[in-house]
Amino acid sequence: TDEIMQQEIRPLVAVDIIEQLHRQFAILSGGRGKDGAPIITFPEFAGFSEIPDDDFLNVVTYLTSIPSLEAASIGFIIIIDRRRDKWSAVKASLTRIAGAFPGNLQLVFVLRPSRFIQRAIADIGIKLYRDDFKMKVPIIMLNSVSDLHGYIDKSQLTRELGGTLEYGHSQWIHHRTAIENFAMTVKTTAQMLQTFGTDLAETELPNDVQCTEELLSSHSEHHSKLKDELKLAVKQGATLLTCIREPVTRSANSKLSPDELENVATVERLLAQLDETEKAFDQFWTKHHLKLEQCLQLRHFEHDFREVKLTLDNLMETQAGFADIGDSVTRVENLLKEQKHLEEKGQEPLEKAQSLALHGEQLIQNNHYAVDSIRPKCVELRRICDDFTNETKKKYDILGKSLELHKQLDKASQWCEAGIYLLASQAVDKCQSQEGAETALVEIEKFLVTAKEHQLSNPKEFYNQFDMILTPEIKANAQRIVQKLEDVQEMFDKRQVSLKKLAAKQTRPVQPVAPHPESSPKRASPKITRPAA
């Protein structure tokens with residue numbers, strides 16, 4: 001019982017009762033009464049009484065379900081054609097219709113048997129048995145189709161009833177099955193789109209590039225197939241619409257019957273429904289596809305960020321370990337070369353980092369859904385780049401100061417060595433003469449003129465200039481060279497004093513000694529007077 005209750009309840013469709021429809025014991029020709037009531041005709045059918053009750057009920061139920069609710073609410077007109085039959089057939093038909101007709105009846109027309117005896121029997125029978133038919137609507141007995149034309153316009157009757165309405169039963173079945181197949185296609189397509197949409201909405205976004213690419217490819221492929229299904233469905237509907245309208249297209253004088261017009265309206269409604277479904281699906285897919293593409297962009301960005309940051313971190317670590325400032329000119333110059341190499345090595349990662357940060361900012365400007373994840377990474381990349389650039393500049397400044405200091409110390413040391421060499425090269429014997437002493441003094445004075453170029457700054461200026469690099473070792477070396485400068489300067493001072501004394505000895509004049517006034521006028525022995533030492 002539960003299984004039966006759970007089964008989908010759906011209306012009958014032509015394909016369910018296709019064999020019974022082909023027997024043509026009842027037709028819906030498309031004709032209408034003067035007030036628009038749909039007409040169902042029961043043509044002459046020899047084995048009408050032998051039709052199983054289920055077959056009869058299914059066909060009549062199906063036929064009454066086709067007209068619009070508006071038309072069906074007016075009530076159906078039934079025409080029973082029994083001109084070649086007997087009264088018993090008329091009675092059987094009326095009894096079956098009265099007992100099983102599922103729709104709202106308005107009027108019943110009976111084309112009575114044409115043979116005289118049967119007609120007479122029918123007249124008597126209808127009077128006797130009218131109440132037995134349990135019909136609350138009029139039953140009009142007609143002698144001929146001409147009588148029928150007095151009630152229903154010829155244009156609403158088929159040729160078999162003397163009318164002009166074009167009706168082909170096989171074509172009618174074909175149209176019905178096609179319309180119902182199309183309706184099922186529209187329904188199935190809508191369900192497929194809805195299922196796909198639900199799957200998309202419930203899909204969790206992957207955390208890596210490869211899975212995101214695979215998901216995007218899979219969803220795009222599925223979307224493409226569904227779009228093809230939609231195109232086929234639209235084409236099917238358009239072809240069906242053309243087939244229904246074919247009589248009008250073929251002949252300008254032709255007109256579609258009300259039922260055919262309803263068929264056209266049904267197909268147009270289904271096409272409109274399909275169009276609305278496709279638009280809604282396209283709108284949803286656009287959003288989903290954008291999210292997948294943005295997810296892929298994010299995963300690429302995150303992957304590149306990890307790679308670039310690892311490279312930059314290694315670069316910063318190398319730079320942090322680059323603490324030596326050198327203890328000589330040669331060492332500092334080598335360190336500057338190493339720093340230059342590190343800077344060149346970092347150029348490509350820095351450019352990648354700046355480019356990646358710019359790409360991240362473009363994603364943010366394009367309204368990426370993961371702004372809160374992208375922006376901090378862009379800030380981090382720019383910070384590391386700035387840190388490396390600033391640290392590189394600081395290293396260059398320190399090494400530049402170190403190079404300048406060591407060059408000054410080297411020059412001062414070289415000056416000292418040259419001064420010592422000069423003092424050592426002045427031969428003592430040559431300096432004993434006035435000319436030799438003066439020459440030595442001139443050499444010293446010329447050399448001392450260069451002292452200003454090689455002297456170190458006074459202690460305060462020296463400290464201010466080189467404070468950032470004054471390590472204990474450099475301080476000790478600087479103090480040693482300063483002491484050496486002082487020692488050499490003192491040596492020059494002493495040498496200058498000595499040479500000036502020597503020069504002064506040679507240039508002092510010999511003063512003659514005048515005779516003493518108290519001297520004896522007598523001629524004395526001559527004496528040689530020596531100058532003071």
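Summary table
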read-out: FRET efficiency, Thr286 to Gln191 (Cβ-Cβ, R0 25 Å, nearest 0.05); value: 0.75
read-out: Amide proton proximity set for Leu105, modelled H, under 5 Å, gap of 5+; value: Phe76
read-out: Near-label residues of region 387-407 by backbone N, under 11 Å of a point 7 Å along Cα→Cβ of Gln465; value: 404-407
read-out: From phi via Karplus (6.51, -1.76, 1.60), per-residue ³J(HN,Hα) for region 386-399 in Hz, x at Gly/Pro; value: 5, 4, 5, 5, 5, 5, 4, 4, 5, 4, 4, 4, 5, 5
read-out: Lys, Arg +1 and Asp, Glu -1 on Cβ, resulting dipole of region 341-440 about Cα centre, debye, nearest 20; value: 420 debye
read-out: On Cα atoms only, tilt of 87-100 relative to the major axis of the chain in degrees; value: 40 degrees
read-out: Amide H partners (placed H, <5 Å) of Arg83, local residues excluded; value: none
read-out: For region 155-243, with +1 on Lys and Arg beta carbons and -1 on Asp and Glu, the positive-most of Val209, Leu165, Ser224 along the dipole; value: Leu165
read-out: Mean Cβ count within 10 Å, highest first, over the residues of peptides 21-28, 351-358; value: 21-28, 351-358
read-out: Protection-proxy order for peptides 35-41, 205-211, each taking the mean of Cβ atoms within 10 Å per residue, highest first; value: 35-41, 205-211
read-out: Subset of Lys287/Lys352; Lys337/Lys452; Lys309/Lys337; Lys452/Lys501; Lys154/Lys255; Lys187/Lys291 violating a 23 Å alpha-carbon distance limit; value: Lys287/Lys352; Lys337/Lys452; Lys309/Lys337; Lys452/Lys501; Lys187/Lys291
read-out: Whole-Hz couplings from phi, Karplus 6.51/-1.76/1.60, listed for region 145-156; x for Gly and Pro; value: 5, 4, 4, 5, 5, x, 9, 10, 5, 4, 5, 9
read-out: Surface accessible to a 1.4 Å probe, per residue, for the residues of the chain, Å²; value: 61 Å²
read-out: J(HN,Hα) series, region 182-196, from Karplus relation 6.51 cos²θ - 1.76 cosθ + 1.60, nearest Hz, glycine and proline x; value: 5, 4, 5, 4, 4, 5, 4, 4, 4, 5, 4, 4, 5, 4, 4
read-out: Where only alpha carbons of the chain are counted, the Rg and the Dmax (Å); value: 61.2, 225
read-out: Carbon/sulfur fraction of accessible area - the chain, other protein chains in place, 1.4 Å, %; value: 52 percent
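The values are calculated or read from the model by the stated rules, or taken from the named source; none is laboratory data. Because the structure is predicted, anything quoted here is derived from the model rather than measured. Please note: Cβ atoms are built from the backbone with ideal geometry, for glycine as well, and neighbour counts cover all protein chains shown. Ligands, DNA and RNA are stripped out before the accessible areas are found, and what is left, the full protein with its side chains, is counted by its heavy atoms. Shrake-Rupley method; radii C 1.70, N 1.55, O 1.52, S 1.80 Å.
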